[in-house]
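Shown next, in structure tokens, is the structure this report addresses.
The values are calculated or read from the model by the stated rules, or taken from the named source; none is laboratory data. Note that this is a predicted model, so its numbers are computed, not measured. Backbone-built Cβ (ideal geometry, glycine too); neighbour counts: all protein chains shown. Heavy atoms of the whole protein, side chains included, go into the accessibility calculation; ligands, DNA and RNA do not. Shrake-Rupley method; radii C 1.70, N 1.55, O 1.52, S 1.80 Å.
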Amino acid sequence: MGLSKTIWTNPTEFLRVEQPVNPVLFFAPTVVQASARRFIDGFPGLVTYAVKSNPTEEVIDNLAAAGVRGYDCASGFEIDLIRRLAPDAAIHYNNPVRARHEILYAVERGVKSYSVDSNSELAKLIELVPAEGTEISVRFKLPVAGAAYNFGAKFGATAELAVELLKTVAEAGFIPSLTFHPGTQCTDPHAWQSYIEKAAWIAEEAGVVIARLNVGGGFPNHRLNGVVPQLEETFRLIDRVTGEAFGDNRPLLVCEPGRAMCGDAFTLAARVKSVRDGEHVFLNDGVYGSLAELPLIGVIDRIEVLSPEGEKRSGELTPRIIFGPTCDSVDRLPGEVMLPDDLAEGDYVVVQGMGAYSVVTNSRFNGFGELGLATVLSQRV
Ligand SMILES: *Cc1c(COP(=O)(O)O)cnc(C)c1O
């Protein structure tokens, strides 16, 4: 059996010793705890975690240990997960479209905060949820750029409809709040400014003093070597603009980051199955596995290649087409990826910043997707 460990020093040590044939995601608890502390120390309000981005139990345990006291859930499964792992935490049920049985399930479990973006869904909430002490946040959208893809395409009322919904929420006796999501991997802090100013306009038009403003997720994680997220700058902007826009009616702030909380806490190691005729690189992981997001929001360039002995490949960087393991031709990483020219079959391609929308979107398509998970002290390869 050889060396048996539960916590590894870093991904390199694991790869050298185990030589895994399946893809492995390495989780560093210290990194997720540091992300949580960064939000708790810097964000001017309540920090909650968007469970969908990575519902791995170790992630939730570490966030809870670091002091995260609220969770954004979208399903009964996620509600139960949080009730079990963080029993005293607040649950915000912020999926704005729910079946009636889902609403009743949440009510039975004591959920006191819901979001909504339409008259039809608000009518269901008013019918099924006791108003006393319960918050309903109206989710609105704006046509603003800055994020990796447009979240407003699915959810969010127009500002005009939000005015109408907010009035109805207040009249029905619920605690009235507003919420938005500027779009995931949003690297432009000014997106938050536009949304916060519009939120103040909506509250003013509705004649409602809102209790809380939830400024969403969308905070970026570190995907490109040249673009290091400046979260503190965004936190300061959110604080300042909220004060300026709302004046005496300043609401409490809430954020619900997913990606920025878990993204940098995981590193992926995928193995080179083949360099087909010296040209195309085939990995044992791809867009049906933990790399599902890359065609949607672009590649990560925080990549290193290790030999099976754990030596870093240091050849000249050359553009390569990378395919995943399935027989589907969609299973290809977007564009070309710069990789060292001494890369060889059996090497490991190690990608940093892989914690969000990876573990959870991995599928077993074509019989692949047997993803390993290992805990490491450090992500440094
Ligand atoms: C997905 C989601 C989030 C998290 O988004 P990130 O871009 O991962 O931060 C937050 N709030 C809601 C309502 C979501 O659906």
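For the peptides 310-317, 328-335, 296-303, residues were scored by their other Cβ atoms within 10 Å and the scores averaged per peptide; the highest-first order is 296-303, 328-335, 310-317.
You can think of it this way: the chain between Q19 and N249 has 76.9 nm of extra reach, that is 0.36 nm per residue less the Cα-Cα gap. Rounded to the nearest 20, the size of the Cβ-charge dipole of the chain about its Cα centre is 420 debye, with Lys and Arg at +1 and Asp and Glu at -1. Could you compute the FRET efficiency for E233 and L317, with r as their C-beta to C-beta distance and R0 at 22 Å, rounded to 0.05? Efficiency at R0 = 22 Å is approximately 0.10. For K154, neighbours were defined as the other residues whose beta-carbon sits under 15 Å from its Cβ, and their charges (Lys and Arg +1, Asp and Glu -1) total +2.
Taking every protein chain into account, the 1.4 Å probe leaves R83 with about 70 Å² of accessible area, to the nearest ten.
Charge tally for E135 (other residues, Cβ to Cβ under 10 Å; Lys, Arg +1; Asp, Glu -1): +2.
Classify the chain as rounded, prolate or oblate from the Cα gyration tensor: take a ≥ b ≥ c as the square roots of its eigenvalues, call it rounded if a/c is under 1.5, otherwise prolate when a/b beats b/c and oblate if not. Because a/c hits 1.5 or more and a/b exceeds b/c, the chain counts as prolate.
Sorting H190, H222 on solvent-accessible area from highest to lowest, probe radius 1.4 Å, gives H190, H222.
With a cut-off of 13 Å between beta carbons, the residues surrounding R84 carry a summed charge of -3, where Lys and Arg count +1 and Asp and Glu -1. Relative to the dominant Cα principal axis of the chain, helix 231-246 is inclined by about 10°. If the chain linking A344 and R276 were pulled fully straight, counting 0.36 nm for each residue of separation and taking away their Cα-Cα distance, it would gain 23.4 nm. Using the Cα gyration tensor of region 40-188, with a ≥ b ≥ c the square roots of its eigenvalues, what is the shape: rounded (a/c below 1.5), prolate (a/b larger than b/c) or oblate (neither)? Because a/c hits 1.5 or more and a/b fails to exceed b/c, region 40-188 counts as oblate. Using the Stokes-Einstein relation with a Kirkwood hydrodynamic radius computed over Cα pairs, the translational diffusion coefficient of region 22-64 at 10 °C and a viscosity of 1.306 mPa s comes to 139 µm²/s. The solvent-accessible area of L128, taken with every protein chain present and a 1.4 Å probe, is close to 40 Å². For region 154-204, the carbon plus sulfur part of the accessible surface works out to 50%, probe radius 1.4 Å. Surface exposure of the chain, expressed per residue as accessible area with a 1.4 Å probe, stands at 42 Å². Can you give me the angle between helix 119-128 and the longest principal axis of the chain, using Cα atoms only, in degrees from 0 to 90, rounded to the nearest 10? Result, in degrees: 80. The slack in the chain from A172 to S120, taken as 0.36 nm per residue of separation less the alpha-carbon distance, amounts to 17.3 nm. Distances between placed amide hydrogens fall under 5 Å for G70 paired with Y49, A90, all partners being 5 or more residues away or on another chain.
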